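Single-structure report; data block below.
The values are calculated or read from the model by the stated rules, or taken from the named source; none is laboratory data. These numbers come from a predicted model, not from an experiment. Here the Cβ is made from the backbone with ideal geometry for all residues, glycine too, and neighbour counts use every protein chain on show. Only protein heavy atoms, including side chains, enter the accessible area calculation; ligands, DNA and RNA are left aside. Shrake-Rupley method; radii C 1.70, N 1.55, O 1.52, S 1.80 Å.
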Amino acid sequence: ELGSKGITFNCICPGPIHTGITAPIPDAAKAKFARRRVPLRRYAEPEEVAHATLSLVLPASSYINGVTLPVDGGMTIQNT
């Protein structure tokens with residue numbers, strides 16, 4: 001309904017990220033979780049999610065619409 005006005009709808013689904021919310025979690029617990037659940041075996045940096053978000057708002061991505069983009073180090077692929 002809003003596509004004709006150039007408005008697109010996309011969704012970023014982040015995995016574990018080093019942020020203020022995750023800062024209180026002990027590093028050992030984060031490392032254990034990442035080893036067990038994240039194929040890349042680490043938490044993301046906020047900039048990694050920001051770059052994925054930026055790619056969706058660039059003019060070059062104006063034809064991308066209705067996408068769910070996991071930025072989760074591969075966690076989603078394990079659930080399929």
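So Val38 ticks every box in (1) among the β-branched types (Val, Ile, Thr); (2) open to solvent by 60 Å² or more (accessible area, probe 1.4 Å); (3) in contact (Cβ under 8 Å) with a residue 24 or more places away in the chain but one. Which box is left unticked?
The single condition Val38 does not satisfy is (2).
So, Thr8, is that one part of a loop (DSSP other than H, G, I, E, B), touching a residue at least 12 places away in the same chain (Cβ under 8 Å) and surrounded by 15 or more Cβ atoms within 10 Å (Cβ to Cβ) or not? Step through it out loud before you land on a result.
Details: part of a loop (DSSP other than H, G, I, E, B): yes; touching a residue at least 12 places away in the same chain (Cβ under 8 Å): yes; surrounded by 15 or more Cβ atoms within 10 Å (Cβ to Cβ): yes.
Yes; evaluated as a whole, the condition is true for this residue.
Restricting to segment 14-35, count the residues that are within 13 Å of Met75 (Cβ to Cβ), of a type in the set (A, V, I, L, M, F, W, C) and open to solvent by 50 Å² or more (accessible area, probe 1.4 Å). First the steps, then the outcome.
Within segment 14-35, the first condition is being within 13 Å of Met75 (Cβ to Cβ), and the residues that meet it are 14-17, 33-35.
Subsequent filtering for residues that are of a type in the set (A, V, I, L, M, F, W, C) retains 17, 33-34.
Now drop any that are not open to solvent by 50 Å² or more (accessible area, probe 1.4 Å), which leaves 33.
Here the count works out to 1.
Could you list, ordered by first residue, the pairs with Cβ atoms under 9 Å in which the first is in segment 17-32 and modelled with pLDDT under 95 and the second is surrounded by 13 or more Cβ atoms within 10 Å (Cβ to Cβ) and not small (Gly, Ala, Ser), at least 6 apart or interchain?
none
In the list Val57, Val49, which residue meets the criterion of being surrounded by 14 or more Cβ atoms within 10 Å (Cβ to Cβ), out of contact with any Phe, Trp or Tyr (no Cβ under 8 Å at 6 or more places or on another chain) and hydrophobic (A, V, I, L, M, F, W, C)?
On the way: Val57 fails: surrounded by 14 or more Cβ atoms within 10 Å (Cβ to Cβ).
Of the residues listed, the single one that is surrounded by 14 or more Cβ atoms within 10 Å (Cβ to Cβ), out of contact with any Phe, Trp or Tyr (no Cβ under 8 Å at 6 or more places or on another chain) and hydrophobic (A, V, I, L, M, F, W, C) is Val49.
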